[in-house]
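To keep things clear, I will list the structure first and then write my remarks on it.
Every number in this text was worked out from the coordinates using simple rules, so none of it is lab data. Keep in mind that what you see is a predicted model, and the values were worked out from it rather than measured. Ideal geometry is used to build each Cβ from the backbone, glycine not excepted, and the neighbour counts take in all protein chains shown.
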Amino acid sequence: VPLDSWTELVVANGFYDQAGFCLLGDIHDKCSYGPWKRGLNKVMLEENFHLRNGRTWMKRISAAGGSAKDELQRAVDWMFPLSVEWFGLPDDKKMHSTQLEYRLKGLTNDQLRQWWLSTVVPYCEQIGVKVPAHKETREGKDVWELDYPFPCEFDAGAKRWDFKQPSTWDDVLARWRARGPRNAEMVAMFQEEFHNFRKAHKQES
């Protein structure tokens, strides 16, 4: 889903890069393949930079109040549930565990999702931004619960979730494969640029 404003960009930094930090941080800590593990050192620094940028600006925009904070809340409203999906199928629906068996990563999808929620939800609450999730305690452990059906319907073009309409993971996978409302436009643009490049290259030769 394309980002259309600076506010959406900083929320992407705060949410998407936090997801990247969790996913890649787990690999960096637990991966048994040395070259990949070492290669992530630089990537983790970049993820941390983006994450700090997102958090800093989310806090500033929220503190500004008024229409700026309203815009921030609207961005969070559609980007939070989208980020929750990033970690993939719930553990009870995932058919393969090859990555865990070969120690390419150490945590399951749900464990990674919980890690992300444990960092994002408290921060949003701290800066006064509402998110549809809360913490519960079960058997002495903190568990983060979503306040909506997971998954549920999403209108990518309108950037709007329907929390009253549960969806299926088949629907989610189909949406992922569609690659967003501007996929055809972007593919056409790249194809045109490539065609122009080849045409210019032939003329030079």
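The table for this structure:
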{"quantity": "Principal axis dimensions, region 11-78 - Cα atoms, whole angstrom, descending", "calculated": "49, 19, 11"}
{"quantity": "Highest-MSF residue in the chain out of Asp92, Asp26, Asp17 [GNM, Cα springs under 10 Å]", "calculated": "Asp92"}
{"quantity": "Computed E for Asp170/Glu193 - FRET, C-beta separation, R0 25 angstrom, nearest 0.05", "calculated": "0.15"}
{"quantity": "Relative contact order, percent, region 6-144 [alpha-carbon distance under 8 Å, six or more residues apart]", "calculated": "30"}
{"quantity": "GNM result for the chain, Cα springs below 10 Å: residue of Gly157, Gly34, Gly140 fluctuating most strongly", "calculated": "Gly140"}
{"quantity": "Percent of Cα pairs exceeding the 23 Å cut-off, where the set is the chain", "calculated": "55"}
{"quantity": "Exposure proxy ranking, count of Cβ atoms within 10 Å, fewest first, for Leu112, Leu117", "calculated": "Leu112, Leu117"}
{"quantity": "Met44, Met58, Met95 arranged by Cβ crowding within 10 Å, fewest neighbours leading", "calculated": "Met95, Met44, Met58"}
{"quantity": "When each of Lys30/Lys135; Lys37/Lys141; Lys69/Lys130; Lys94/Lys159; Lys59/Lys130 is checked by Cα-Cα distance, pairs over 21 Å", "calculated": "Lys30/Lys135; Lys37/Lys141; Lys94/Lys159"}
{"quantity": "Sorted by Cβ density within 10 Å, fewest first, the residues Thr168, Thr119", "calculated": "Thr168, Thr119"}
